Amino acid sequence: MRIVGGENRGLRLAEVGEGDAGAHLRPTSDRVREALFNLLGGGRFGDPVAGARVLDLFAGTGALALEALSRGAAEAVLVENGRVGQRLIRENIRLARREGQARLLAADAARLPAREGDAFTLAFLDPPYGQGLGQRALTAALAGGWLAPGAVVAWEEAGPMMPLPGAALLDRRTYGGTAVTLLRVGG
């Protein structure tokens with residue numbers, strides 16, 4: 001697993017290894033990550049990455065947020081409640097030398113604490129597939145004011161997802177066994 005674009009292009013991230021069977025770590029493949037960022041950077045939706053405040057829900061290894069930082073995002077909060085994921089995120093932040101821009105929030109993405117600071121303009125949502133956790137996390141983020149009006153949400157699941165109230169569908173793409181649904185938060 002590596003960063004595929006921007007300042008940290010080519011940087012190898014910490015290996016997931018055998019991990020923790022209960023952690024359900026399933027990092028976004030380099031190919032899917034590259035396709036997602038090409039879609040985001042294609043101009044159809046403005047440029048949601050440059051200067052973005054990124055919220056990475058179910059961050060796992062942190063690869064999505066670190067890719068965004070490499071491509072010009074201003075800062076990122078990576079939400080992960082698994083110990084293995086938290087360890088990998090800390091290591092990957094260190095490897096990418098993004099300690100001043102990235103912060104780990106050890107929390108359940110479906111039960112977000114009160115938001116501190118400004119709302120986020122770009123969110124990644126990559127829950128364990130098929131468990132309804134993405135809907136719960138997005139509902140919590142919307143209800144808690146974590147997402148700014150106009151924020152773009154990139155949601156990975158096993159199949160295309162329907163927008164929740166408060167978000168509109170921008171695009172849907174399928175890459176092998178991964179469906180990416182792009183949403184825009186209403187405002």
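Derivation of every value follows stated rules applied to the coordinates shown; laboratory data play no part. Quick caveat: nothing in here was measured; it's all calculated off a predicted structure. Neighbour counts run over all protein chains shown; Cβ positions are idealised from the backbone, glycine included.
Against the list (1) touching a residue at least 40 places away in the same chain (Cβ under 8 Å); (2) outside any strand (DSSP E or B); (3) under 19 Å from PHE45 (Cβ atoms); (4) not basic (Lys, Arg), the condition MET161 fails is (1). The set of residues in region 165-187 being surrounded by 17 or more Cβ atoms within 10 Å (Cβ to Cβ) and within 25 Å of ARG115 (Cα to Cα) consists of ALA167, THR181, LEU182, LEU183, ARG184, VAL185. For region 167-181, a residue qualifies if it is part of a strand (DSSP E or B) and touching a Phe, Trp or Tyr at 6+ places or on another chain (Cβ under 9 Å), and the qualifying residues are LEU170, ASP171, THR178, ALA179, VAL180, THR181.
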